[in-house]
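One structure is given here, and the rest of the page talks about it.
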Number of protein chains: 2
Amino acid sequence: MTAIPVKTIERLSKYRRVINRLLEKGETYIFSHDLAHLIDSTPAQVRRDLMQIGHTGSPKKGYELKQLKENINALMDDSDGQGIGLAGIGYLGRAIMNYFGGRNPKLTIKAAFDTDPDKINRVISGCRCYHIDQIPEVVKKENITIGIVTVPSSAAQDIVNRFVRTGIKAIINWAPTPLQTPPDVFVESRDITMSIEKAAFYAKTLNSKKK
Amino acid sequence: MTAIPVKTIERLSKYRRVINRLLEKGETYIFSHDLAHLIDSTPAQVRRDLMQIGHTGSPKKGYELKQLKENINALMDDSDGQGIGLAGIGYLGRAIMNYFGGRNPKLTIKAAFDTDPDKINRVISGCRCYHIDQIPEVVKKENITIGIVTVPSSAAQDIVNRFVRTGIKAIINWAPTPLQTPPDVFVESRDITMSIEKAAFYAKTLNSKKK
């Protein structure tokens, strides 16, 4: 199961979100080309992805949504649930806390960490805030397995070291700096500068074509 | 020039950031293996990327940093500068405004758009705020070529339509919803839910290996 490519995992997350919306609307089946359209992919890709998690549809009715959702859940979720710890309660940290709260019943931001005394021991966006020195005890107590880093660049490596020392194996880094981590830790880097500069390059290229 | 792969553009953005830091420290040359190490890539990849923008190093001294920076600038930047418009002045919008302000002299967030009367006509994080109905005039006046979308999902498509109608060709979408855009518009989607669910999958997988 671990041999599933990263890109497939990304699409499974997107399929599930679309499926949840369809189930809420009372729909029961979907064809691969409709599902492909909804996540901006191709029908062949959808069929390959779902085959890989052992799900096949019926040629007449398509994929049964409820069963499909359960198959994706079985692959993606930890049945006991997973806790998330977030370090850095600035605008970005709060945006993620507000946005992600309650979105996935198996994934909860259990704790936020900062060094600012005005934030520690408060509940912000529904989430208890602690000093970063409390990371070891809180990670253990709250069964946190995922760390989100929204501190400034200068503090990012220190926070990542603290997370890694507790045994956390997956980190999402929003600080614009490369991180050193052991090879058995998964790091997802979300680089805001890079995404803006990339878009700017395409804006420039596409505009010069117009001329 | 437009045939340069997206992944190369992403790495060029990272190289440049590293180069700027090295130049500030007074360094003048770098070897491909050192540059590779700093952005977590390989020396062969670095050499391929830089060859592609017509830059070659000296075997004895490596790459000359100032010239390399200028070559990357020549490819990536619009010499006249480019303006960015951001729609949705919530926590995420403010995080980006705070973070990106002043970081790249050729790329400036010129305007922010919202519907909240408390925000309109104010200057927030150094950026003038307007009503979304003013998008056409402000985009034109400020030479905005890139749109950033940080509104809720329900408003995202409307904002994107407004941006696209002004002629904007590059959009960065932080709303967790797929967008419909004409084929000649570049869209970079930054999906927070997907990145967290992906990390959760790897946390689960890596933890089950441990047991």
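Nothing in this text is a laboratory measurement; each read-out follows from the coordinates by a stated rule. Because the structure is predicted, anything quoted here is derived from the model rather than measured. Every residue, glycine among them, receives a Cβ derived from its backbone with ideal geometry; neighbour counts consider all protein chains shown.
Compute the long axis of helix A:91-100 from its Cα atoms, compare it with the longest principal axis of the Cα atoms of chain A, and write down the angle in degrees, 0 to 90, nearest 10. Result, in degrees: 40. Taken one residue at a time, the phi angles of region B:36-42 give Karplus couplings (6.51, -1.76, 1.60, θ = phi - 60°) of 4, 4, 5, 10, 6, 10, 10 Hz. Gly and Pro are set to x. Normalising the average separation of contacting C-alpha pairs (under 8 angstrom, six or more residues apart) by the number of residues puts the relative contact order of region A:82-192 at 25 percent. For A:Leu107, the amide hydrogen comes within under 5 Å of the amide hydrogens of A:Gln82, counting only partners 5 or more places away or on other chains and with H modelled in the peptide plane.
Counting every pair of alpha carbons in the protein assembly as shown, the share spaced more than 42 Å apart comes to 15 percent. Using a Gaussian network model of chain B whose springs link C-alpha atoms within less than 10 Å, name the residue from B:Thr150, B:Thr166, B:Thr42 with the highest mean-square fluctuation. Maximum among the listed residues: B:Thr42.
Taking A:Ile146, A:Ile159, A:Ile19 as the candidate residues, the one with maximal mean-square fluctuation in a Gaussian network model of chain A, Cα springs under 10 Å, is A:Ile19. This ranking places A:Ser189, B:Ser208, B:Ser79 by how few other beta-carbon atoms lie within 10 Å of each, fewest first, which gives B:Ser79, B:Ser208, A:Ser189. Here's the picture: a label point sits 7 Å out from the Cα of A:Glu24 along the beta-carbon direction, and within region B:144-165 the residues with their amide nitrogen under 13 Å of it are B:153-155. Comparing mean-square fluctuations of A:Phe100, A:Phe201, A:Phe163 from a GNM of chain A with C-alpha springs under 10 Å, the top value falls on A:Phe201. Of A:Lys61, A:Lys169, B:Lys69, the sequence from fewest to most neighbouring Cβ atoms within 10 angstrom is A:Lys61, B:Lys69, A:Lys169.
Exposure proxy for A:Thr56, B:Thr177: other Cβ atoms within 10 Å of each Cβ, ordered fewest to most, give A:Thr56, B:Thr177.
Restricting the calculation to alpha carbons of region A:107-150 gives Rg and Dmax of 9.8, 27 angstrom. Relative to the longest principal axis of the Cα atoms of chain A, helix A:65-76 runs at roughly 40 degrees. Computed over Cα pairs, the Kirkwood radius of region A:6-74 leads via Stokes-Einstein (1.306 mPa s, 10 °C) to a diffusion coefficient of 136 µm² per second.
Annotation for region B:1-40 versus region A:157-196: alpha-carbon center distance of 19 Å. According to the Kirkwood relation over distinct C-alpha pairs, the hydrodynamic radius of chain A is 19.4 Å. Across chain B, C-alpha contacts under 8 Å between residues 6 or more apart give a mean separation that, scaled by the residue count, equals a relative contact order of 13 percent. In this structure the amide hydrogen of B:Ala112, modeled in the peptide plane, comes within under 5 Å of the amide hydrogens of B:Leu86, B:Arg128, B:Cys129, B:Tyr130, none closer than 5 places in sequence on its chain.
Structural size metrics of region A:90-211, computed from C-alpha coordinates, are Rg and Dmax of 17.0, 60 Å.
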